[in-house]
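The values are calculated or read from the model by the stated rules, or taken from the named source; none is laboratory data. Source: prediction; values computed, not measured. Backbone-built Cβ (ideal geometry, glycine too); neighbour counts: all protein chains shown. Protein only, heavy atoms only, side chains kept; ligands, DNA and RNA dropped before computing areas. Shrake-Rupley method; radii C 1.70, N 1.55, O 1.52, S 1.80 Å.
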Amino acid sequence: MTGNELRKKYLQFFASKDHLVLPSYSLIPVDDPSLLLIGAGMAPFKPFFTGKMKPPHPRIVTSQKCVRTGDIENVGRTARHHTFFEMLGNFSFGDYFKKEAIAWAWEFVTEQLGLPVDKLWITIYTKDDEAYEIWHDDIGLPPERIVRMEDNFWEIGSGPCGPCSEIYIDLGESRGCGQSTCGVGCDCDRYLEIWNLVFTQFENDGAGNYTPLAKKNIDTGAGLERIASVLQNKRSNFETDLLFPIIEKMCDLAGATYGTQTRTDVSLKVIADHARSLTVMISDGILPSNEGRGYVLRRILRRAVRHGRLMGVEKPFLTEIVDVVAAILAEPYPEISEKKNYIKKVVLLEEERFNSTLLQGIELLNKHVQELKSGGQQVLDGSIAFKLYDTFGFPWELTQEILKENNLDLDKQAFDKEMTKQRERARAARQENEERAIMLPDLSGVTLDARNYDITADCGKVLVVLKNGQLVDEAGDGDEVAIILDVTSFYAEGGGQVGDTGVLSGQVGKIAVYNTKKLPDGTSYHLGVVTEGVVRTGDTVQLLPIVARRCATARNHTATHLLHSALKRVLGEHVNQAGSQVTPERLRFDFSHFAPVSDDELAKVETLVNEAILNAIPVGVIETSKEMAKEMGAMALFGEKYGEKVRVVVAGDFSKELCGGTHVGNTAEIGFIRICSETGIGAGLRRIEAVTGHGALEYINQREKILLAAAANLKTRPEDLPGKLETLNAELKETETELANANAKLAKLAVQELLAGVETVGDVHLVSGQVIAADMETLRSIADMVRDRLPCGAVVLGAISGDKVNFVAMATANAVGKGLHAGNIVKAAATVAGGGGGGRPDMAQAGGKQPEKMAEALQQALETAKSQLK
């Protein structure tokens, strides 16, 4: 049975069991950011399994294209590992369960495929007695052929989960390891798993609790290539008709023979597997790049190229392999044949690009490998791996693989650091590129149109590609570029409005545009990064500005015009625009005015603009002469230069302004405006910032959240909040007065206690002690009161404040005359407590970091004072 016949038989069998046959989903997941690529048959159906979406039918069957690269290094070295494979799957969403799933699996394997019953083994989860009874009682398998296994339970963190049951086939002792312990689950090739039934019947709450699901599901996974190898009696998946024609083609290209050398066989298998992956990935719309899915494709493709080199093939060869892959997959996936020329074009570009640096990169890596070995070292510096990546296009995984072949390793952490540095450099370069005007080389040979902006255009032709300020014919992914098209719908930065962002999508390359600007002559150009593939002069690209961003910008731009007009009406005709900035998030409007705008005036301005919005005034554009625009009463924008023909944006009788920006078609599209702030920015200049549309809604919602949170904290309703605050303020003032009185009484008591412990040296009185004082000011106040009660003497006090300690020392004037120095006294205390300080002879303060040494510090201060009197 061929692979195509097997796939068809499987789909038809489950269609006869009332399953809806669906085509394979794309390898690019839909609305699932948790997945880079589809890697299992059930992956596209996650919303159905979780109940977020209703399936088109409770029973579905597919043969799903899958890509996995978690164990890519094993591809070619084992009989079963692949990066690309097809997963046969029949699924039940709350419909049938174990009894039917097991019975149909057995029926298909034994009756439809004719596999010998005496060679089939079953595994079940250790505690799944229900599955055991079905396999034993209903199917009739003897107990010794049903193996309980602890790891037969499928779950990924919290969420739906359940036990699983697998079907294995015994391929015979000749395929085994020869060990007496060999059996189902052994790592050798004797017992091959061909079918896996997952019984999704529990909900894991993440804390180890499993609750039965109200609706139980079935998720079947059966590897097409594995079953084909059994039916075709092949020792390896690679020898089936799904892969072997690719190996035969590669043998022709390389002048090699399969089955004679292990190393050659590994390369042949790697190329066969990777050729399938790259063909299907490109067919599904993935292009080589240094990020995400594109990086997976690049890694697979370049790994295949390297194995071609190992076989002695130095010229590009993968396009010929793509022909074979397309022929094998023509029946199930006719779109691959339809896109074959496109796929080959992408492959050739990437292969040529890598070939140009591959030899130099391998020479450099081999040099370092020899140096490591001769020096008795085991780890390659990550900076070298980064150079191979950055200069020669080596995915780090490829470098690591070559190192492992030489029993060496890679300092991945150092490589990651170099990657981080490069991203930071690229970010800084992008910012610098945005901030400076582009410097163009001689473009005399290029026909440019200063009016190449057309908002209705959907595609354009690449006239100029600039990289590092130089004209180039092409740019590849990762390159920072400036692109000039014959026509573009991207609005270029000007008149205070930011430039459009989006994507320029060509047949074999994409550019993420992060800004659009104008040359001095008015020609628009795009600043961006090639994110996938290659972009060349002459390419036609699809124009994909971010529509939501443009609409938000248009709302803010039209609102700016309405705001200008409203300000003139409220504040006077002297108001003129002095600058503006219009972004998708907000608008900023600078204008001339001699005083701050009062709250009442701002409210009137905001009301006028919102009335104009609610009146749903049509917004139109008139192209006319400057003179005619003046006669119309159109206002000109600050700092703009106008040609003989100008563009006037008209919003009924409310606003007329000269403007080249994007605007709404009707003021109602703005939604509403909310002024956020009004400030002065210079002599006679004011600035208003405002939001509209979604931005205004978000602003209002955030303010409402703050209001509700404040009301909740004060246990009142939002409308009662002002009165509540007034009451609380009055209570707070009263409490502060009471607290001040209480502190004053406490301070007097503290002074009395301190004076009771006075020490006398001659006629000089010395006072020291620890007091309670929240801050230095309070501490000084207490010290003042003590000093004022001393006829001749000094006081040194300490107080703990958090994890620190404060000290203050004071001396009377006559005590200073006898030799006392407050600065030196307090310094002695602070030194003991791990701090420092000092000051004048009559008053000083200090701090320390060790409150636990307070008593010792005060004693030292006292001893210092006594020593000063000797």
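Numbers for the structure displayed
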quantity	calculated
Residue-count net charge about Thr831 - beta-carbon cut-off 12 Å; Lys, Arg +1, Asp, Glu -1	+2
Percent RCO, i.e. relative contact order, over the range 558-638, from Cα pairs under 8 Å lying at least 6 residues apart	30
The range 4-89, relative contact order in percent, only Cα pairs under 8 angstrom and at least six apart counted	32
Phi-based couplings in Hz for the range 732-741 (Karplus 6.51, -1.76, 1.60; Gly and Pro marked x)	5, 4, 5, 5, 4, 5, 4, 5, 5, 5
Ranked by how many other beta carbons lie within 10 Å on average, peptides 850-857, 556-563, 625-632 from highest	556-563, 850-857, 625-632
Over the range 257-317: Rg over Rh, Cα atoms, Kirkwood Rh	1.03
Sorted peptide list for 529-538, 218-227, criterion being average Cβ within 10 angstrom, highest first	218-227, 529-538
Alpha-carbon Rg with Dmax, taken over the range 506-621, Å	19.8, 59
Ordering of 18-30, 729-741 by burial proxy (mean other Cβ atoms within 10 Å per residue, highest first)	18-30, 729-741
C-alpha center-to-center spacing [the range 219-274, the range 511-575] in angstrom	53
Sulfur and carbon atoms: percent of accessible area, the chain [1.4 Å]	50
Mean-position separation - Cα centroids, the range 120-142 and the range 316-336, in angstrom	42
Chain lengthening between Leu359 and Asn814 when straightened (0.36 nm per residue, less Cα-Cα)	154.6 nm
Solvent exposure of the chain as accessible area per residue, Å², 1.4 Å probe	47
Residue-by-residue Karplus 3J(HN,Hα) for the range 706-717, coefficients 6.51, -1.76, 1.60, Hz, glycine and proline x	4, 4, 5, 5, 5, 5, 5, 5, 9, 6, 8, 8
Across Lys748/Lys818; Lys127/Lys216; Lys340/Lys467; Lys344/Lys404; Lys818/Lys853; Lys65/Lys99, pairs whose alpha-carbon gap is larger than 22 Å	Lys748/Lys818; Lys340/Lys467; Lys344/Lys404; Lys818/Lys853; Lys65/Lys99
Rounded Å value of the spacing that divides the Cα centres of the range 33-74 and the range 650-715	44
Computed FRET value (nearest 0.05) for Lys866 with Asn729, which takes r as the C-beta separation and R₀ as 60 Å	0.75
Kirkwood estimate for the range 287-343, i.e. one over the average of 1/r between Cα atoms, Å	12.6
Between helix 776-788 and the chain: long-axis angle, C-alpha atoms, 0 to 90°, nearest 10	20
Pairwise FRET efficiency - Glu689 versus Glu623, Cβ, R0 = 22 Å, nearest 0.05	0.10
Folded to 0 to 90 degrees: helix 244-254 orientation relative to the chain principal axis, Cα	90
For the chain, calculated [θ]222 nm from helices alone, where every DSSP H run of n ≥ 4 adds -39500 (n - 2.57)	-12500 deg cm²/dmol
Net charge over other residues, Cβ less than 9 angstrom from the Cβ of Leu27 (K, R count +1; D, E count -1)	+1
Rel. contact order, % - alpha carbon contacts under 8 angstrom, at least six apart, the chain	5
Helix 396-405 vs. the chain, principal-axis angle (Cα, 0 to 90°, nearest 10)	60
Long-range HN-HN contacts of Val464 with modeled amide H, under 5 Å	Ile484
Kirkwood Rh and Cα Rg combined as Rg over Rh, evaluated for the range 657-772	1.39
Full-stretch length increase - Tyr258, Asp118 - with 0.36 nm per residue and alpha-carbon distance subtracted	47.1 nm
Extended-chain gain in nm, criterion 0.36 nm per residue less alpha-carbon gap, Lys99 and Gln370	91.4 nm
Lysine-lysine proximity count for the range 616-739, Cα under 24 Å, sequence distance 8 or more or distinct chains	13
Exposure rank, largest accessible area first [Lys412, Lys804; 1.4 Å]	Lys804, Lys412
Net +/- balance of residues flanking Ile681 in space, Cβ distance below 13 Å, scoring K and R +1, D and E -1	0
Theoretical FRET efficiency, 1/(1+(r/R0)^6), r = Cβ-Cβ of Asp784 and Ala742, R0 22 Å, to 0.05	0.75
